[in-house]
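Chemist: Below is one structure. I have some questions about it.
Readers should treat all values here as calculations from the given coordinates under stated rules, not as data from a laboratory. Note that the structure is a prediction, hence the values are computed from the model and not measured. Counting neighbours? That spans all protein chains shown, and the Cβs are built from the backbone with ideal geometry, glycine included.
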Amino acid sequence: MKRVVHNLFLMIEFFKIEFLTKVFGSHYLVKSLYLCKSDNIKRILQIHKASIGTNVSMKPMLNIDNFGRSGEEFYNISFGDNCYIGKNVFLDLANKIIIEDDAVISAGVSIITHADVGERKMQKYYKRVSAPVKIGEASWIGANVTILAGVTVGKYCVVAAGSVVVDDIPDYTMAAGVPAKIKKKIEVK
């Protein structure tokens, strides 16, 4: 009985979010994703065109910016099988974000796919940058890491907590620091 009531509340929350998104638009959808229960996050992302593999676990407080047009808000995100997305993760969807199978994105991680100053005087010195970000198979991104536009983190990598990743991280390595530097090779058997 307890499970039936839980599922009923999830269904009500889901339909409420979908209805109010139609009324108030995509910004309501993104705000709701941040507040909704973990069980509904995947369902909402999939309906709005995210690619999500099997057995993906997502914690609440998912924060998304620069999403697509209505009905296809999350087409720029792809999660492989067996991924884990921690609490309070920020995803900038101005360009593609690809998270491959078995990757772990810990709490507080920010993945940024673009940078620009907008229509301001500094624009002539700092042009807009927009490039996809890829997190390789079985990689572990530690808590509060920031990954910038155009970065590929290879497979079986570890990025230490608090690092800022500005360059690609090759397969089977551990990186740490601001900016992140390779600290050691990882022996995978």
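Chemist: List the residues whose amide H sits under 5 Å from the amide H of Met58, counting only those 5 or more places along or on another chain, with H placed 1.01 Å from N in the peptide plane.
Modeler: Close amide H contacts, sequence-distant or interchain: Ile85.
Chemist: What angle, in degrees between 0 and 90 and rounded to the nearest 10, separates the Cα long axis of helix 38-47 from the longest principal axis of the Cα atoms of the chain?
Modeler: The angle comes out near 90 degrees.
Chemist: Straight-line reach from Lys155: which aspartates and glutamates fall under 17 Å, measuring Cα to Cα and dropping same-chain residues less than 8 apart?
Modeler: Asp81, Glu100, Asp101, Asp102, Glu137, Asp167, Asp168, Asp171, Glu187
Chemist: Charges at C-beta only: +1 for Lys and Arg, -1 for Asp and Glu. How large is the resulting dipole of the chain about its Cα centre, in Debye rounded to 20?
Modeler: In debye, rounded to 20, the chain gives about 380.
Chemist: What label, among (i) 1.03; (ii) 1.09; (iii) 1.23, belongs to Cα Rg over 2.2 N^0.38 Å computed from the structure on display?
Modeler: It is the one labelled (ii).
Chemist: On to the next question. Tell me what the chain gives for mean residue ellipticity at 222 nm when only DSSP H runs of n ≥ 4 count, each as -39,500 (n - 2.57), the sum divided by the residue total, rounded to 500 deg cm²/dmol. The partial results should precede the final answer.
Modeler: On the way: 3 runs with 43 residues, N = 189.
Rounded to the nearest 500, it is -7500 deg cm²/dmol.
Chemist: Highest first, please rank the peptides 113-119, 129-135 by the mean number of other Cβ atoms sitting within 10 Å of their residues.
Modeler: Most protected by this proxy first, the peptides run 129-135, 113-119.
Chemist: Suppose R0 equals 45 Å; then what is the FRET efficiency for Val188 and Glu72 from their Cβ-Cβ distance, rounded to the nearest 0.05?
Modeler: E between Val188 and Glu72, to the nearest 0.05, is 0.75.
Chemist: Moving to a separate point now. In percent, how large is the relative contact order of region 130-189, given Cα pairs closer than 8 Å and 6 or more residues apart? Could the numbers behind the result be given before it?
Modeler: On the way: 163 pairs, mean separation 16.1, N = 60.
Worked out over region 130-189, it gives 27 percent.
Chemist: So what are the ³J(HN,Hα) numbers for region 121-136, from phi and the Karplus equation (6.51, -1.76, 1.60; θ = phi - 60°), rounded to whole Hz, Gly and Pro as x?
Modeler: 4, 5, 4, 6, 9, 10, 6, 4, 10, 8, 7, x, 10, 10, 10, x
Chemist: Let me ask you something else. Could you give each residue of region 48-60 its phi-based ³J(HN,Hα) in whole Hz, using Karplus coefficients 6.51, -1.76, 1.60 with θ = phi - 60°, and x for Gly or Pro?
Modeler: Result, ordered by residue: 9, 6, 6, 9, 10, x, 8, 6, 8, 10, 10, 8, x Hz.
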